[in-house]
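The structure under discussion appears below in the form of structure tokens.
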Amino acid sequence: MKTCIFTIIILSTMVATGCNNAGNSGASSAGADSSFNKLSEDFLAGYLAWRPQAGVALGLHEYDGKVTDYNKTSIDSELTRLKDYEQRLAAIDTASLSTKMYFDYRILRSAIKSEIFNFEDVAAYTKNPMTYADAVDVSIYVKRDFAPLEERLKSIIAIENKAPEVFAAAKANLADSLARPYIETAIQIAQGAAEFLNGDLVIALKDVKNDTLMAAFKASNKLAIEQVNAFADYLQKEKLPKAHNHYALGRDKYIKMLECQENVTITPEDILAIGLKELKKEQDMFNRAAHIINPAKRPVDVYHDIQKEHPAADSLIPFAKHNLEQIRQFLIDKTIVTMPSEVRVKVEETPQYARSTSTASMDTPGPFERKATEAYYYITPVDPKWTAQQKEDWLSQFDYYTTDNVTIHEAYPGHYTQFLHLNASAATKIEKIFGSYAFIEGWAHYCEKMMADEGYGNNGDSVRAAKYRIAQSGDALLRLCRLCVSMKTHCQGISVDEGTRFFMDNWYQGDKPSRQEALRDTFDPGYLYYTLGKLQILKLRDDYKQQEGTNFSLQKFHDAMLDNGMPSIRLLREVLLKDKSKWDEIL
């Protein structure tokens, strides 16, 4: 198809311009490429064998029914294996690789460095109980129909029977004293997992007629529930009393995180300065939009007023479904991005087990899935058991304008559209398995601003257009605060209380949502990548536009972005930009 041809053209351009290696062709390149392919295939086989649940999520069902061995010997062995492959990659003569293989080489090397960072610097297996809290997750076996239900049930039973080993390893591996936010969040995750095993999972399997299999499931499910609940109790009784608040990475590790995950070498202080500058610009835009809507009120009050303009509880899902199609058609009419497929995403209520942690989300199948290929855009509905005020508070998050902005982020042209392009493109196995946080979330967040800039929601009514703009701006303020609080927490040592105050002062929300965001930062410092990725994409677009001149179009740029895997934006600059001197100008 046209987009795949364009990918090949871009890569051919990289051969001509170098891309930091000779861009060899012929026998020399073919031999080097073959050696790298063999090395990468060997690595991936071991990588997924140790992470079988990731393999299942990717759509590789030879890993069904398996779970990671968290025994300390196994963890140490995997770390040794990662370091071995890091050394073997470092020894490769990259000048002999073709440009395409050199592209994959750097994606793979970055992925390995990130994994080692996770093992050593983040200490995910010794300091973070969240690693284990949902380690026997079997939800994919009931939400995706990739095999007969009885076959999937056998996998569920096999995984649940591993629960005692998983949690015994967790208790043996975890340090005596752990960070309080990690413990508290792990307890919530474990409790949610137990509720799923005892509720939705049982309901999903109610039609299985094989009595022998169901008897085995009842025994394994009882065992798994007991084990998960026991782990939550263990954290509550044994770990919380000894909890500490030393969760910050520190400046050196933060710098390492940026470089190994996203090829970003800008200092944290410079990133914070950029974030604060952008925060001020976004607040000015927010205020201008509020003034158009109601010049007699404070901007924050205007913002809260439009949150009262929302669908009724029973029309929330139908409203989202209707506008989903409207947004998709806007993309086509404005030739903003190619739609590689006519297959629509399905709008559904968030599964019960995921409702405590999600208001809306996208669930796409793995890139190698061939049967259960449905994609779901989940929206969490109002709980009938809530009070009238709780229902109103929940629906205020789904005002008409914000709901469309969320749909843009999650579906069109955000995550779902990116997934469609990835599947339709000529992306390699490496490019489909390893994705950049800044690319994936940066793209979806960039789409929110891009769509508002392109006029979505503007039908000539200036007040209506301003309501869409203030909703988009409010979501941008959240992501900008994440960037600033991430750096302040992990490099400057501010507390959760101070982070909460920063969100309240600059995002204009109350204590509860602001505290939730500040707590997330303690274990997800990478959530700065929403904004960092967006800003990098805007810079890349400007540079690409200058390069292409009259040949530039948004559709051409967006297709080129989405048809080259999910690499760091820094690496993508080498694919799209001919001028080498611009490759490092990421912001």
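The values are calculated or read from the model by the stated rules, or taken from the named source; none is laboratory data. Everything numeric here is computed off the predicted structure, so don't read it as measured data. As a convention, Cβ positions derive from the backbone with ideal geometry for all residues, glycine included, and neighbour counts pool all protein chains shown.
Structure summary
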read-out	value
Answer from Val208, Val202 - the residue that is assigned to a loop (DSSP other than H, G, I, E, B) and more than 30 Å from Lys113 (Cβ to Cβ)	Val208
Candidates Leu201, Leu197, Leu223, filtered to the one that is of a type in the set (A, V, I, L, M) and either more than 27 Å from the chain's Cα centre (by Cα) or outside the structural domain of Ile159 (by TED's automatic domain parsing) (or both)	Leu223
Options Ala186, Ala123, Ala135; residue that is under 25 Å from the mean Cα position of the chain (by Cα) and at positive phi	Ala123
Search result, residues across the range 151-178 that are of a type in the set (A, V, I, L, M), touching a residue at least 40 places away in the same chain (Cβ under 8 Å) and over 17 Å from Asn221 (Cα atoms)	Ala169, Ala170, Ala172, Leu174, Ala175, Leu178
Of all residues in the range 150-164 being acidic (Asp, Glu) and farther than 16 Å from Ile225 by Cβ, the one that is farthest from the chain's Cα centre (by Cα)	Glu150
Candidates Tyr527, Tyr456 - the one that is more than 18 Å from the chain's Cα centre (by Cα), in the same structural domain as His304 (by TED's automatic domain parsing) and farther than 17 Å from Lys280 by Cα	Tyr456
Subset tally (residues that are hydrophobic (A, V, I, L, M, F, W, C), over 24 Å from Ala411 (Cα atoms) and either surrounded by 14 or more Cβ atoms within 10 Å (Cβ to Cβ) or touching a Pro at 6+ places or on another chain (Cβ under 9 Å) (or both)) for the range 280-334	8
Flag for Ala111 being crowded, with 18+ Cβ neighbours inside 10 Å and within 30 Å of His246 (Cα to Cα)	yes
Helices (runs of 4 or more DSSP H) lying entirely in the range 433-551 (those with 1 or more residues that are crowded, with 20+ Cβ neighbours inside 10 Å and among the charged types (D, E, K, R))	437-453, 462-492, 511-523, 529-548
In the range 136-150, the residues that are farther than 18 Å from Gly199 by Cα and in contact (Cβ under 8 Å) with a residue 24 or more places away in the chain	Asp145, Phe146, Ala147, Glu150
The range 530-545, residues that are closer than 11 Å to Glu441 by Cα and aromatic (Phe, Trp, Tyr)	Tyr530
